[in-house]
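Just below is one structure, and these are the notes that go with it.
Throughout, read-outs are computed from the coordinates displayed, never taken from laboratory work. Model, not experiment: these values are computed from the prediction. With ideal geometry, Cβ positions are generated from the backbone for all residues, glycine too; neighbour counts draw on all protein chains shown.
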């Protein structure tokens, strides 16, 4: 599969087969994330894989509530992967302060997408969640207060292998050469 085909095949999957995901496949996805670039090579991430049914259900229930129920599908995902941001190194902290940019969030985004693209290569589907009860999950999993759960990735075998057409802006709407001329 070409890289562009891989990117076209990557989509948010919200329906999973009731089939466990092999650890080897999860490990390859984590390896892809580990190899992601990061500002000052800080690698400010940790990943917690949750594949034990009882624990996964408890965490999944903290991704939705009676008002915001859109992540309820996470209950059916065989695997949840928590993406934790680690405290940056000194150079990273200084760069963030000087440039007023959250390099950690950029780095986490790159690593997470590497993980998701490898999942496609493995025949898996993923969905990246940003809405969840961080405090509750941190308490449940004994995650230190100073650490941050930035994202949760659901993972499993998709029920439907159909690749939905992507609704995206055209290149002309997003591209400029040598100046802002959109």
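Quick look at the numbers
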quantity: Answer residue from the stretch 129-142, given it is touching a residue at least 60 places away in the same chain (Cβ under 8 Å) and crowded, with 17+ Cβ neighbours inside 10 Å and is nearest to the chain's Cα centre (by Cα) among those; calculated: 129
quantity: Test: residue in the stretch 40-56 that is touching a residue at least 24 places away in the same chain (Cβ under 8 Å), farther than 20 Å from residue 111 by Cβ, outside any strand (DSSP E or B) and in contact with a strand residue (DSSP E or B) (Cβ under 8 Å, 6 or more places away or on another chain); calculated: yes
quantity: Residue under evaluation residue 152, criteria (1) under 27 Å from residue 21 (Cα atoms); (2) in contact with a strand residue (DSSP E or B) (Cβ under 7 Å, 6 or more places away or on another chain); (3) not in a strand (DSSP E or B), criterion not met; calculated: (3)
quantity: Identity of the residue in the stretch 13-27, under 15 Å from the mean Cα position of the chain (by Cα) and touching a residue at least 12 places away in the same chain (Cβ under 8 Å), that ends up surrounded by the fewest Cβ atoms within 10 Å (Cβ to Cβ); calculated: 14
quantity: Checking residue 88 against (1) more than 25 Å from residue 4 (Cβ to Cβ); (2) surrounded by fewer than 19 Cβ atoms within 10 Å (Cβ to Cβ); (3) more than 15 Å from the chain's Cα centre (by Cα), the condition it does not meet; calculated: (2)
quantity: Residue 162 part of a loop (DSSP other than H, G, I, E, B), under 24 Å from residue 21 (Cα atoms) and in contact with a strand residue (DSSP E or B) (Cβ under 9 Å, 6 or more places away or on another chain); calculated: no
quantity: Qualifying position, being touching a helix residue (DSSP H, G or I) at 6+ places or on another chain (Cβ under 6 Å), touching a residue at least 12 places away in the same chain (Cβ under 8 Å) and outside any strand (DSSP E or B), among 30, 115, 80; calculated: 115
